[in-house]
Amino acid sequence: MKIIGLIALAGILTACSVIHPFGDATVYQVYSVSSHPGLVGRYHCMRDALSAEGYGVEVIYPEADTPNFFDISKAQQRIAQVDMYHVRGSEEISITLIAGAKTDLRTLDGIMQPCIRR
């Protein structure tokens, strides 16, 4: 239980920009999207889009009311992380793209846009 609490705390601190997972160069892009098609639908859309462009995407099983983080890698190196959060009953999902470089952030944002806009 302590480990889950620490993971949740680290997730919240990262999303609030207190912890910089990619050092001082960490950049963020925050989206607020409709809860339709849900966490699972948004995750699968982003995973499929990123995988089609040659990125590795960590497999997760998104759940409401808990931080849902997944890593994005290129050539076996982690280059970004996505945090998705949905409060059960809310009409919105919060998605934060966290990257170590502005160029990676822009590229990943462009790939993820069809999943964000839908």
Would you mind listing the strands (runs of 3 or more DSSP E) fully within region 64-108 where at least 1 residues are farther than 20 Å from Asp48 by Cβ? 77-85, 92-99
Residues of region 59-118 satisfying the condition of being of a type in the set (Ser, Thr, Tyr) and closer than 15 Å to Thr26 by Cβ: Thr96, Thr103
For region 25-61, what are the residues that are polar (S, T, N, Q) and within 22 Å of Gln77 (Cα to Cα)? Thr26, Gln29, Ser51
Qualifying position, being of a type outside the set (Lys, Arg) and either at positive phi or at pLDDT 95 or above (or both), among Ile3, Ile60: Ile60
Whichever residue in region 27-46 is without any contact (Cβ under 8 Å) to a residue 40 or more places away in the chain and open to solvent by 60 Å² or more (accessible area, probe 1.4 Å) and, among such residues, is nearest to Asp71 (Cα to Cα): His44
Of the residues in region 59-71, those that are free of Cβ contacts under 8 Å to residues at least 24 places away in the same chain and open to solvent by 80 Å² or more (accessible area, probe 1.4 Å) number 2
Would you pick out the residues in region 18-52 that are part of a loop (DSSP other than H, G, I, E, B) and closer than 14 Å to Cys115 by Cα? Ser35, His36, Pro37
Restricting region 72-103 to residues that are farther than 20 Å from Pro37 by Cβ and open to solvent by 50 Å² or more (accessible area, probe 1.4 Å), the residue that is nearest to the chain's Cα centre (by Cα): Arg78
Residues satisfying the stated conditions in region 43-56, i.e. under 18 Å from Thr96 (Cβ atoms) and in contact with a strand residue (DSSP E or B) (Cβ under 6 Å, 6 or more places away or on another chain): Arg47, Leu50, Tyr55
Candidates Ser17, Ser34, Ser51 - the one that is at pLDDT 95 or above and among the hydroxyl-bearing types (Ser, Thr, Tyr): Ser51
Considering residues that are surrounded by fewer than 19 Cβ atoms within 10 Å (Cβ to Cβ) and closer than 17 Å to Gly41 by Cα, the number found within region 104-115 is 3
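The values are calculated or read from the model by the stated rules, or taken from the named source; none is laboratory data. No experiment lies behind these values; they were computed from the predicted model shown. Neighbour counts are summed over all protein chains in view; Cβ atoms, including those assigned to glycine, are modelled from backbone coordinates with ideal geometry. These accessible areas exclude ligands, DNA and RNA; they are computed on the full protein's heavy atoms, side chains included. Shrake-Rupley method; radii C 1.70, N 1.55, O 1.52, S 1.80 Å.
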